[in-house]
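The values are calculated or read from the model by the stated rules, or taken from the named source; none is laboratory data. This one's a predicted model, so the numbers in the text were calculated from it and none came from an experiment. As a convention, Cβ positions derive from the backbone with ideal geometry for all residues, glycine included, and neighbour counts pool all protein chains shown. Ligands, DNA and RNA are excluded from the accessible area calculation, which covers all protein heavy atoms including side chains. Shrake-Rupley method; radii C 1.70, N 1.55, O 1.52, S 1.80 Å.
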Amino acid sequence: MKKISSSRLRLSPIEMGSEEFRKAGYKLIDDIASFLQTLPERSVTKGDQPTTVQNVLGKISLPQEGTNAPDLLEQAAKLLFDHSLFNGHPRFWGYITSSASPIGALADLLAAAVNPNVGAHILSPMATEIERQTIQWIAELIGYPSSCGGIFVSGGNMANFIGFLAGRKSKAAWEIRANGLSSQPQMIVYCSKGTHTWIQKAADVFGLGTNNIRWIEVNEQQQMNTPQLEDQIEADKKHGYQPITVVGTAGSVGTGSIDSLHDIAEICERHNLWFHVDGAYGAPAAALPELASLFKGMERADSIALDPHKWLYSPLEAGCTLVRDINALHDTFTFHPEYYKFDGTEEDPVMNFHEFGLQNSRGFRALKVWLGLKQVGKNGYVEMIRDDITLAKKLFDLADQHPELEAVSNSLSITTFRYLPKRYALQREELNKLNEELLSKVQEGGEAFLSNAVVNGKYCLRACIVNFRTSLQDIEALIEIVTRLGRGLVNQRQQQ
């Protein structure tokens with residue numbers, strides 16, 4: 001058995017001395033700085049297939065002996081810099097993941113160095129108060145009552161789950177935490193057909209069942225049909241069901257549409273339902289004075305989900321739930337096992353975040369958001385979000401003016417469009433197939449990265465700009481990329 005040293009410092013294999021740590025850290029920061037500087041000249045992605053990446057990584061067994069840390073960091077940086085999809089690239093407009101702020105990256109290093117467990121105040125005194133303050137600031141940013149409560153989570157699914165569970169507990173007429181859902185009126189939730197799939201996961205995992213989601217039709221603007229919503233609520237009540245929650249969307253995944261939140265708030269008030277807003281993507285845009293009317297009613301929501309790693313430019317992971325009444329979270333999640341000794345005093349009560357969400361042990365996600373808000377302030381975020389929206393509208397206009405493109409929709413910072421061959425008349429299914437193939441070509445080529453949306457039966461290319469590095473030049477380049485690749489696909493078809 002190895003003898004433990006009697007010196008003050010334990011000699012552990014994973015420890016790094018201050019000089020070694022400093023040298024390795026400086027080198028890594030230099031490498032990251034060079035990577036960020038050269039990012040616009042790189043491909044957004046190499047389009048590597050899984051086997052290629054596995055071969056680069058090497059199919060090896062667990063090492064029996066270690067390797068020095070500086071060499072490992074250099075190796076890991078090269079692997080990531082050479083074989084990643086770069087959502088920080090100026091031409092990444094795919095899924096709603098923003099370019100990560102540099103201060104956010106440094107914040108994650110700082111948070112990991114201190115490594116607070118933000119589950120209880122005694123375990124993380126300063127981190128707890130920073131998270132509490134950040135929640136207040138986010139509420140102020142989007143016009144939600146700053147007296148609200150909230151919690152940081154991993155992302156949109158979890159943020160929406162928290163609101164969903166708070167609504168379920170609040171509207172249950174029985175002790176649902178103790179007795180569950182058996183032999184009680186069937187709970188019903190309502191959302192538009194454009195709602196993100198988190199709602200299906202929530203209904204499945206938390207006991208309602210996906211058959212008890214009422215999918216409400218949308219109008220031409222992809223907004224929930226609120227008269228149909230109220231009719232469906234009335235019908236469910238007559239059949240003995242218990243409506244509990246309506247989910248309004250503030251920035252849909254596909255097109256960026258915003259439901260009539262004011263009308264939904266009115267309906268929820270009339271029927272005593274929990275009003276939850278999925279603002280994972282779009283909620284921060286409520287900070288823009290010129291868009292305030294689009295978000296009217298969101299301030300009346302019982303809960304809001306939003307993701308700072310989307311439109312607040314934070315590194316992954318950073319989701320957040322805001323709840324009008326902090327007691328609704330406490331009543332939904334708190335337990336007091338005998339092995340927890342986290343209580344404060346009546347004179348100076350503490351915030352223990354494990355009582356307000358699903359996690360006990362929690363990382364310090366709030367630091368990167370807090371530092372970003374302090375670095376640029378509300379006005380800085382308003383400027384960046386406004387620029388993203390302006391660029392998305394410019395893309396829509398350029399597509400609308402181009403003889404080979406059809407501009408389909410534009411809302412917030414999402415534009416959808418499709419390629420239309422100039423000399424060939426294709427049926428809808430043929431056009432859909434062509435644009436699906438075109439999207440694959442764009443993604444594989446690495447010049448830009450888009451995703452897709454289906455709008456009124458049309459398969460579209462979808463650009464979501466939540467990217468503080470994107471410029472007008474990048475938007476103009478996208479038009480050329482899409483038309484060039486589109487022509488190439490049509491030529492191939494003609495030669496077959």
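Taking the alpha-carbon set of segment 59-155, what are its Rg and Dmax in Å?
Computed over the Cα atoms of segment 59-155, radius of gyration and Dmax are 18.8, 55 Å.
Could you check how many percent of all C-alpha pairs in segment 274-362 are farther apart than 15 Å?
68
If I model a spin label at residue 68 and residue 34 as a point 7 Å from the Cα along the Cα→Cβ vector, what separation in nanometres do I get?
Placing both labels 7 Å beyond Cα along the Cβ direction yields 1.8 nm.
Mind checking the full-extension length gain between residue 270 and residue 75? Use 0.36 nm per residue of separation minus the Cα-Cα distance, one decimal, nm.
Working it through step by step, the gained length comes to 64.2 nm.
Among (1) 0.97; (2) 1.00; (3) 1.56, which one is Rg/Rh (Cα atoms, Kirkwood Rh) computed from these coordinates?
Checked against the structure: label (2).
Under a Cβ-only charge scheme (Lys and Arg +1, Asp and Glu -1), can you give me the dipole magnitude of the chain about the Cα centre, in debye to the nearest 20?
Here the chain has a charge dipole of around 920 debye.
Work out the FRET efficiency for residue 20 and residue 238 from their Cβ-Cβ distance, taking R0 = 60 Å, and round it to the nearest 0.05.
0.25
Per residue, what accessible area does segment 124-238 have, given a 1.4 Å probe and all protein chains present, in Å²?
Dividing the accessible area of segment 124-238 by its residue count gives 43 Å².
Please compare each pair in 310/458; 171/237; 46/441; 46/78 to a cut-off of 18 Å on the Cα-Cα distance and tell me which ones are over it.
Cα-Cα > 18 Å for 310/458; rest within.
For the pair residue 361 and residue 341, what calculated FRET efficiency results from E = 1/(1 + (r/R0)^6), where r is the Cβ-Cβ distance and R0 = 22 Å, to the nearest 0.05?
Once the sixth-power term is evaluated, E becomes 0.85.
Can you check how the C-alpha radius of gyration of segment 365-496 compares to 2.2 N^0.38 Å, as a plain ratio?
Relative to the 2.2 N^0.38 Å estimate, segment 365-496 comes out at 1.21.
When ranked by the protection proxy of mean other Cβ atoms within 10 Å per residue, highest first, what sequence do the peptides 231-239, 378-386, 313-321, 354-362 form?
313-321, 354-362, 378-386, 231-239
As a test, work out the antiparallel percent of DSSP beta bridges whose residues both lie in the chain, rounded to the nearest 5.
Antiparallel: roughly 60 percent of the beta bridges in the chain.
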